[in-house]
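Peer 1: Before I ask anything, here is the structure I am working with.
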Amino acid sequence: MEPAGALPRSSSPSPEAAEPPGSPAVPAEEPPPAAAAAAQEARRRGPDRQGPAGRGARGGGRRAPGRRGGEPGGRAARRPRVTVDSSKAKTSLEALKISLRQLRWKEFPFGRRLPCDIYWHGVSFHDNDIFSGQVNKFPGMTEMVRKITLSRAVRTMQYLFPLEYNFYPRSWILPDESSFFEKEIRMMKDRDPSWKPTFIVKPDGGCQGDGIYLIKDPSDIRLTGGLQSRPAVVQEYICKPLLVDKLKFDIRLYVLLKSLDPLEIYIAKDGLSRFCTEPYQEPTLKNLHQVFMHLTNYSLNIHSGNFIHSDNVNTGSKRTFSSILCRLSSRGVDVKKVWSDIISLVIKTIIALTPELKVYYQSDIPAGKPGPTCFQILGFDILLMKNLKPMLLEVNANPSMRIEHEQELSPGVFENVPSPVDEEVKVAVIRDTLRLVDPQKKKQKDIQSQTLEHVSDTKEELLDAGPADRLEHDTNKNTEAGLPSLCLKQVFPKYAKQFNYLRLVDRVAALFIRFLGVKGTTKLGPTGFRTFIRNCKLSNSNFSMASVDILYIDITRRWNSMGIDHKESGMCWQAFVEAFFCLAQKKYKSLPLREQVASLIDFCEYHLAVLDEKRLVCGRGIAERRNALVTCQTDGLPLTPAAHTSLLNRVATASKLADYRNHQY
Ligand code: ADP
């Protein structure tokens, strides 16, 4: 075992990480978090260990180094302070308070009559009614990452990109797919009698290991009963996890979704590793029920007699992820490769979530209406397999931001005591999230970009030299003197080039949203579906409008019978995806599914672009002959903002048309 806090071996001369086939590679140029851990550890151990990132800042009265008697940076002191409503922060309150003190922002713990810059919610977007500023939750995220919805979203991507999305265990949705699950497993066992799988059953919407159990055979599900009342996901159990100290552990990584459109993703350089408390053995009928061996949930293992509260980041039942990477690095593991695989997994998962999230978003914050902007910290639970491949277990919309734990002082007497590991990781994540969404920095950036635009008019080549970067750097220096460097690292759009080809379903979502019609809805009515078919020219002699109606009714009825959401009638997003795939298969029979779908998207976008062009001509005609009676033959849809954008962006439309023509055969 390595001494605590030992520096990691400098990473091996980084051979370009060999990615699994079909998986877009993230360059291995990143400093692995192990290095960050070492630096952090050095800071903790050094004389300056009470710096702003450390626990010493907790009291709030202490000054961060470099800030003598006032705000960091002379001019920054005169700026109005950023205001944060923390009245709904719930269990993240303590970590938020520390972060705000470090940033010297103004907290409103009981809310405020005037609008705040930022609203920090503990549970969901809807905790408050908000019409401006920023909220730390996206509408629909909680629904989106429920076990069933996440499995469906990833499965859609697995249909299109099976190799890229092989980081999620094979899953079935119960009770809808019970018989399919049984049949599929029987077939696989018949094919390979030596295959002895284990499955894990997880109730939908459950958390903290609640109601989870392992089974060896699909028929065991029936014995437990109650499935109809509680839908669940059943998953292939990963039997060979990587062990440290003979124990199974998982990784909780914090990911900031800073913006949905354009997509911006940041990953925290460090996370937490949560350990089981019984030595791991591969599942057998005898040990299947031993939760302390198979489930890594903190909330379960804390009840084990073997649980060790960590008093530093390298030991105990909850450690920093960077300390694990240090250990692995000392065993000769290529931790850069592990880290780059994790980044890929995170980006791909978010790409799977964004289409449906956009459907929720437009329904809560319709385009053109006043509303807040959103950002959100997500908790990714990842398991490393023995072969070091990361596997996604789940995504949490409300990862615990508690920085203390309960300790039993004497029988029955509990006290909350600080947890240094949690504090180290979580305060940095919250503080740096706030720094990234800082509204004043955004204002400054806007002013700078205006200035730059002006400069660029006269001297374009300056932009290439990167004055924008320099200006940003200078501003950061002014306003953030004394704060540690950001623990959140941008991965998207930084790696957009490698991953953009996966964003096919996003384009399907844009079509769905365009035809939703009534703002505030998430379901497509029969008229909207017909309009979609007509505008995209998908109906012909082989596919009549009567067949379109049958397709709509069939698919909508089936999805609505699954009990997803009965509040609204109409075709839900997943039903539309199924209908779209169905249409793609019909139209482009000979191609593989991914190409079928891509071709149909191109086809639809082309026809909509043509339509928008027509509207442009009509619209211009109307404007030019304002008082004349002009009849414009459109499809009955109003001139939507989407159409409008297209009108303004004629170059983009023209190139889309040209693209399509070039790809036609
Ligand atoms: P919960 O939301 O209840 O925590 P999870 O999906 O995170 O549900 O599962 C709980 C724990 O079960 C995980 O932390 C992990 O230790 C274990 N687990 C979950 N899925 C798998 C799997 N497919 N293979 C192996 N272990 C798993």
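The numbers here are math on the coordinates, done by the rules we state, and not lab data. It should be emphasised that the depicted structure is a prediction, and the values quoted were computed from it without experimental measurement. No Cβ is skipped: glycine too gets one built from the backbone with ideal geometry, and neighbour counts run over all protein chains shown.
Peer 1: May I ask for the net charge around H303, where only other residues with Cβ less than 15 Å from the Cβ of H303 are counted and Lys, Arg are +1 while Asp, Glu are -1?
Peer 2: -2
Peer 1: Another one. Starting with the highest mean, order 544-550, 343-349, 234-240 by the number of other Cβ atoms within 10 Å, averaged over the residues of each peptide.
Peer 2: 343-349, 234-240, 544-550
Peer 1: Would you work out the charge dipole size for the range 181-271 about its Cα centre, treating the Cβ of every Lys and Arg as +1 and the Cβ of every Asp and Glu as -1, and quote it to the nearest 20 debye?
Peer 2: 280 debye
Peer 1: Taking θ as phi - 60°, what are the ³J(HN,Hα) couplings along the range 414-427 by the Karplus curve (6.51, -1.76, 1.60), each to the nearest whole Hz, with x for Gly and Pro?
Peer 2: Each residue of the range 414-427 in turn: 10, 9, 7, 10, x, 10, x, 5, 4, 5, 4, 7, 6, 4 Hz.
Peer 1: Just to check I understand the Karplus step: with θ = phi - 60° and J = 6.51 cos²θ - 1.76 cosθ + 1.60, what whole-Hz values come out for the range 79-85, glycine and proline as x?
Peer 2: With the stated coefficients, the range 79-85 comes to 6, x, 7, 5, 9, 10, 8 Hz.
Peer 1: Something else: Can you order the peptides 419-425, 174-180, 141-147 by their average number of other Cβ atoms within 10 Å per residue, highest first? Don't jump to the answer; show the numbers that get you there.
Peer 2: Details: 419-425: 22.3, 174-180: 15.3, 141-147: 20.4.
Averaged packing, sorted descending, gives the order 419-425, 141-147, 174-180.
Peer 1: Taking the mean number of other Cβ atoms within 10 Å as a proxy for protection, how do you rank 554-560, 407-413 from highest to lowest?
Peer 2: Ranked from most to least packed, the peptides come out as 554-560, 407-413.
Peer 1: Can you work out the FRET efficiency for the pair K587 and D549, with r the C-beta to C-beta distance and R0 = 22 Å, to the nearest 0.05?
Peer 2: After rounding, the FRET efficiency stands at 0.80.
Peer 1: Rounded to the nearest 20 debye, what is the charge dipole size of the range 490-535 about its Cα centre when +1 sits on each Lys and Arg Cβ and -1 on each Asp and Glu Cβ?
Peer 2: 80 debye
Peer 1: Distance cut-off 28 Å, Cα to Cα: go down the list K258/K614; K196/K248; K369/K586 and report the pairs above it.
Peer 2: Pairs exceeding 28 Å: K258/K614; K369/K586.
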